[in-house]
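Values quoted throughout were computed directly from the atomic coordinates according to the rules given, and no laboratory measurement underlies them. Just so we're clear, the structure is a prediction, and the values are computed from it rather than from any experiment. Heads up, the Cβs are rebuilt from the backbone with ideal geometry, glycines too, and the neighbour counts pull from every protein chain shown.
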Amino acid sequence: MPKTITEKILSRHVQEGTLCKGTEVGIRIDHCLTQDSTGTMAWLEFESLGLERVKAELVASYSDHTSLGFKGESTDDHAFLKAIASRYGAKFSKNGNGVCHQVHYERFGAPGKTLLGSDSHTPTAGGLGMLGIGAGGMDVAVAAGGGLFHLVVPKLMQIVLKGKLSWGVAAKDIALEILRRISVKGGIGYFLEFAGPGVKNLSVPQRATITNMCTETGATSSIFPSDKVTRKFLRMQGREEDWAKLVPDPHAKYDKSLEIDLSSLKPLVAMPGMPDNVYDIDEVLGTKIDQVFIGSCTNGSYHDIKIVAKMLKDKHVSTDFDVIVSPASRQVWEMLIEDGSFFDLTKAGVRMIEPGCNACIGIGFVPGYEHLSLRTVNRNWKGRGGSKFGKIALCSPEVAAASALAGRIADPRELPPVTVKTDRLIIDDYLIIEPSGGGSPIERAPNIVQLESQEPLTSILEGEVLLKLGDGVSTDAILPAGPLTQHLRSNLPEIAKFTFYYEDKNFAERALEKSGGFIVGGDNYGQGSSREHAALAPWQLGIKAVFAKSYARIHRANLINVGIIPFICDTSTLDQGDRLEVDVSDLGRELSVENKAKGSTIKIHHDLSPREIEMIKTGGLLAHTTQKGTGQ
């Protein structure tokens, strides 16, 4: 049978089950990555497995989200992460070395291998033909220990690219066009695979921008072929031996196909609210902006920042607002210094900040009240930039640079064209620390709190509906990112106090007072980040189940990992304050909920696999893995 790129990689890695769409399989993971926002918890979870060393081929722990150490607790986390990586055999990428996704595809990524990361944008590695999948920290902890990662084999969507991008139109615009066409839910249940003659016209960094941003469609992963362009990139990284040709077989079959003519695309902007709220540049020209941020894992490559530097050379950005540039890696930073771009950007009035996530997650440069921040990042829903009162629009580096000069949203095609050609890259791995192993001590500050043990499921679940929400609830809405909570990622009892903080500041207090209960959501509940804290925090507060119309893939898995049942039902008759009771002694597909407050009964169901039912009954992934062994 002819195979797609995705099928080729999966077929080489399936260790449990049969590679058939809609069925659950367990796959072997080659590389694992964590970062300092999700990594402290992931390493505490790994530690609970009782293993002596990591067993995956390569495990890398990155410090990028709170690299500025804006709170002492963050600095404590960094010391813990460095020590525990060394103890268990993982590489540690220090503060200032860059964002995990950028550094990993630069220095470690390899075509044909699998990568599991405790960050939803792990598919960035698909830009060079590596199958990257975002997951919760527990899944990554198990995979790092040699266990399998389980997923339902998704369908395949082929995105055929034709033509060539014209000046002022960027890889970001390809991703925004995909979002405009299929929405933030259009990729759910799919792997996205890129093909067509237009692929050869895109560099690896451009491809990585697209695979990074396609996470916002809900897709499990996105991947490009590994070709001559990929080989050249790996040669410049000094890793040509990692290259392997990887293309689909002739006549490989896809479940859906989408065609994009690159030569006909315009610059696009996703206006505040959702990444799929996309407009042609013509429709938003002249819109007042209050900040510009260029960088992040989506658009922080040398290719991207160099274009901006050339556009701003010998010019000045508007003095009406701040323009911030954050390269995505130390390699990019050093290249910009060496070729003079750093000076050009500084002279133009840009504020240069070290490689890291920074403004993307609201660590610094938080937009003011009703301010519109124009950013090259990947997400723009309420609260994403660190404040629910700020607004974020998404665009390419070219649009951001043109707008920084104009003082409003502007079309880069009105400026003289610039090009970037790269034949050499600086190799400097000084800030990647190799593990020493042995019994080196692990620093644990008081803020680093061990997880409570997972307890088996009781036969009856009862409690109150503590909160009812609408459609599209993001993990940022469940548990905010940014300065409010970022320093508490290793302290679950403390961070749980901020659960649904933007929706209902009294939620956590009410949940504790009532010894837990239930949450009711709408469609696509838990979209966005892989942040397992959005499941762990409700678990800490005693939440027993969620009732929703549908769930985002990663959050659904995270709920199951902590022992919270993701029930599916029509939620229209459920309201905050309802008292519910569910008999889960059997946990069959079809169940009933008795609404004691209304004297009614509603039908509910679940889509748990037999393995997931076992996990729920045991109490969660860690309890199940300890009981069965990491290979299960």
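Between residue 389 and residue 24, the simple spin-label model (points 7 angstrom out along Cα→Cβ) gives 4.6 nm. In the stretch 5-264, Cα pairs under 8 Å separated by at least six residues give a relative contact order of 22 percent.
With contacts taken as Cα pairs under 8 Å at a separation of at least 6 residues, the chain carries a relative contact order of 15 percent. Place +1 on the Cβ of every Lys and Arg and -1 on the Cβ of every Asp and Glu in the chain, take the dipole about the Cα centre, and give the residue among 309, 49, 108 whose Cα lies farthest towards its positive end. Of 309, 49, 108, it is 309. The Cβ shell under 14 Å around residue 414 holds other residues with a net charge of +1, Lys and Arg each +1, Asp and Glu each -1. Stokes-Einstein diffusion for the stretch 100-243 at 20 °C, viscosity 1.002 mPa s, with a Kirkwood radius from C-alpha pairs, works out to 140 µm²/s. Would you mind counting up the charge near residue 269? Only other residues with Cβ under 13 Å from its Cβ, with Lys and Arg at +1 and Asp and Glu at -1. With Lys, Arg at +1 and Asp, Glu at -1, the net is -2. Beta bridges from DSSP with both residues in the chain: antiparallel share about 35 percent, rounded to the nearest 5. In plain terms, the chain from residue 370 to residue 287 could stretch by 28.5 nm, reckoned as 0.36 nm per residue minus the Cα-Cα distance. Net charge in the neighbourhood of residue 86 (other residues with Cβ under 13 Å of its Cβ; Lys, Arg +1, Asp, Glu -1) is +3. Measuring between alpha carbons in the structure, the pairs from 55/91; 3/91; 228/310; 200/421 lying more than 22 angstrom apart are 3/91; 228/310.
A helix-only calculation puts the chain at -7500 deg cm²/dmol for mean residue ellipticity at 222 nm, using -39500 (n - 2.57) for each DSSP H run of at least four residues, averaged over all residues. Measuring between alpha carbons in the structure, the pairs from 468/514; 21/549; 155/253 lying more than 20 angstrom apart are 21/549. Annotation: aspartates and glutamates with alpha-carbon distance below 17 angstrom to residue 315 (same-chain offsets under eight excluded): 344, 398, 411, 414. Since only 457, 169, 35 are under comparison, the one whose Cα sits farthest along the positive direction of the charge dipole of the chain, derived from C-beta charges on Lys, Arg, Asp and Glu, is 169. Here r is the Cβ-Cβ distance between residue 434 and residue 79 and R0 is 22 Å; the resulting FRET efficiency, rounded to 0.05, is 0.80.
Taking other Cβ atoms within 10 Å as a rough exposure proxy, 114, 4, 346 sort from fewest to most as 346, 4, 114. Partners of residue 596 within straight-line reach, counting aspartates and glutamates whose Cα lies under 20 Å from its Cα and excluding those fewer than 8 residues away in the same chain: 462, 464, 513, 570, 575, 578, 581, 583.
Taking the Cα centre of the chain as origin and assigning +1 to Lys and Arg Cβ atoms and -1 to Asp and Glu Cβ atoms, the resulting dipole is close to 1220 debye. Between residue 460 and residue 152, the modelled labels are 3.1 nm apart [label points 7 Å from Cα along Cα→Cβ]. For the stretch 460-621, the Cβ-based charge dipole about the Cα centre amounts to some 240 debye (Lys, Arg positive; Asp, Glu negative; other atoms uncharged). Placing pseudo-labels 7 Å out from each Cα toward the beta carbon at residue 453 and residue 609 gives an inter-label distance of 2.8 nm. The overall shape of the stretch 460-621 is prolate: from the C-alpha gyration tensor, with semi-axes ordered a ≥ b ≥ c, the ratio a/c is 1.5 or greater and a/b exceeds b/c. Under a straight-distance cross-link criterion of Cα-Cα below 15 Å, which aspartates and glutamates are reachable from residue 94, leaving out those fewer than 8 residues away in the same chain? Cross-link targets: 36, 64, 76, 77, 354, 428, 429, 434.
Placing +1 on the Cβ of every Lys and Arg and -1 on the Cβ of every Asp and Glu, with no other charges, gives the stretch 268-414 a dipole of roughly 380 debye about its Cα centre. Sequence-distant contacts, meaning Cα pairs under 8 Å at least 6 residues apart, place the relative contact order of the stretch 460-621 at 25 percent. Of all DSSP beta bridges confined to the stretch 5-264, the antiparallel ones make up roughly 20%.
Stretched out straight at 0.36 nm per residue, the stretch from residue 71 to residue 354 would grow longer than its current Cα-Cα span by 100.2 nm.
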